[in-house]
Each structure stands twice: as structure tokens, then as C-alpha cells.
Amino acid sequence: MSQLKALKIRVTLFCILVGIVLATVAVVSDHWAVLSPQVEHHNTTCEAAHFGLWRICTKTIVMSDSKDKSCGPITLPGEKNCSYFRHFNPGESSEIFEVTTQKEYSISAAAIGIFSLAFLIMGTLCVLLSFRKKQDYLLRPASMFYAFAGLCIFVSVEVMRQSVKRMIDSEDTVWIEYYYSWSFACACAAFVLLFLGGLALLIFSLPRMPQNPWESCMDAEPEH
């Protein structure tokens, strides 16, 4: 492997490593979206919420005298209460939620997130084996695992987006406003880095193509 090709692979793997960290943070954190009800009277308390793939957290916030009729921001001090979704922990009470959880969406997003982490683990194992045993061909399945992980993250993002939209549109909920938070941004960035990084790694790890009509792929430089 030439020095230029090795440098390209190292830079690509660094970008993929950043994507792995962002994907892991997105899956385990619970700041994908922030929901807030409408506030009719100020100098009272309101209940905002933020949630992720596994649990939802509600926060009782004391509103000050302002013209803003939304509850928040979520960073204001207040009493916080977190609980896992009831379909992940049936024995735990979730009466604190004034929201109907979109069970199918939540389970789907969480399951796809787990598949993404599994692809990341398999891709990382292939990369480690390729470095340890000097088998560069293992970078090719690793690249595909990383690209699949990126696609899974993208699907989780879309499922979560649809879940939030249904929660806002539902008449059974008190939430009227929402915005996506830093966990959602981490997932979007992870998708870009993993998917594009996986494709780039696949291209860089391929053997040299024939440069002349009389050459064949067997004449390419051997991989070490």
C-alpha cells in the first residue's frame, strides 16, 4: 500500500471514529427533541419535556413574566423527573407523562439504533484485524458495515421525526411546540460521517485498477 493511500485511509478512519462517537452519544442520550405546552398565565409553573430513544424526562419550570407563551427554555432550573418508556420497563410507572407515547415509533427507532451500534462494532473489529494481521482486504467489509450503520442512524432520525410530529398533532397531548436538540444533531452528523466515510473507505481500500488495456487486475500491487 502506497503512503498516499495509507494516509487517505487513516484520515477516513479518523472521520469514521468521530461518527462512531457521535452515533453512540445520540443513541444513549435523551435530548433528541424538546416539547413544551402553551402557557396561558405567567408567574406559574409549566411542564416541558425532552426525550430520546429510551426514556422521557419532564421538567417543572417556574415561568417568569414575559411575552413568550411557550414553556422554557428547558435549561431553566426546575424539578426534573425521568423514566424509561413503559414498553421498555413495564414495571415502572409512567403516570407522570401527560403524553401518549407512540409505541411503534419508539420501539422501531430504538431497535434500529441498536442495529447501528452492532454494525459499528463489526466494522471496528474488521479494522482492528486488518491492522493487526496486515490484511487490507478486511477494510472493505468494514466500510460496508460503517455505511450500513450510517443508514440505520438516518432511519432512526426519520422515525423519531415522524414520532415527534405525531405527538404534536395528536389531540391527546398537551404539547404544541417542539424543537430538535443536540442528540438529534449528533445523529445527523453521525449519519453523514459514517455513510460518506464508509463509501470513501471502500473506494480507498480497493486494489489499483488496470491503467493500460493489456493489464489485468492480477497485475495490481499486492496487498500486504
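The values are calculated or read from the model by the stated rules, or taken from the named source; none is laboratory data. It should be emphasised that the depicted structure is a prediction, and the values quoted were computed from it without experimental measurement. Quick reminder, even Gly has a Cβ in these numbers, built from the backbone with ideal geometry, and neighbours come from all protein chains shown. These accessible areas exclude ligands, DNA and RNA; they are computed on the full protein's heavy atoms, side chains included. Shrake-Rupley method; radii C 1.70, N 1.55, O 1.52, S 1.80 Å.
Look at the range 127-151 and say how many of its residues are hydrophobic (A, V, I, L, M, F, W, C) and open to solvent by 20 Å² or more (accessible area, probe 1.4 Å). It would help to see each step written out before you state the result.
So in the range 127-151, the residues hydrophobic (A, V, I, L, M, F, W, C) come out as 127-129, 131, 138-139, 142, 144-145, 147-149, 151.
From what is left, the residues that are open to solvent by 20 Å² or more (accessible area, probe 1.4 Å) are 128-129, 131, 138, 144-145, 148, 151.
Qualifying residue count for the region: 8.
Of (1) over 17 Å from residue 181 (Cβ atoms); (2) in contact with a Gly (Cβ under 9 Å, 6 or more places away or on another chain); (3) at pLDDT 80 or above; (4) open to solvent by 60 Å² or more (accessible area, probe 1.4 Å), residue 28 satisfies all except one. Which?
Residue 28 satisfies every listed condition except (1).
Would you be able to say whether some residue in the range 160-182 is open to solvent by less than 30 Å² (accessible area, probe 1.4 Å), modelled with pLDDT of 90 or more and on the phi < 0 side of the Ramachandran plot?
no
Does residue 38 satisfy the criteria of being of a type in the set (S, T, N, Q), open to solvent by 80 Å² or more (accessible area, probe 1.4 Å) and either modelled with pLDDT of 70 or more or over 30 Å from residue 204 (Cα atoms) (or both)?
Against the criterion (of a type in the set (S, T, N, Q), open to solvent by 80 Å² or more (accessible area, probe 1.4 Å) and either modelled with pLDDT of 70 or more or over 30 Å from residue 204 (Cα atoms) (or both)), residue 38 qualifies.
Just to be sure before I move on: is residue 132 out of contact with any Leu (no Cβ under 6 Å at 6 or more places or on another chain) and at pLDDT below 80 in the structure I sent?
no
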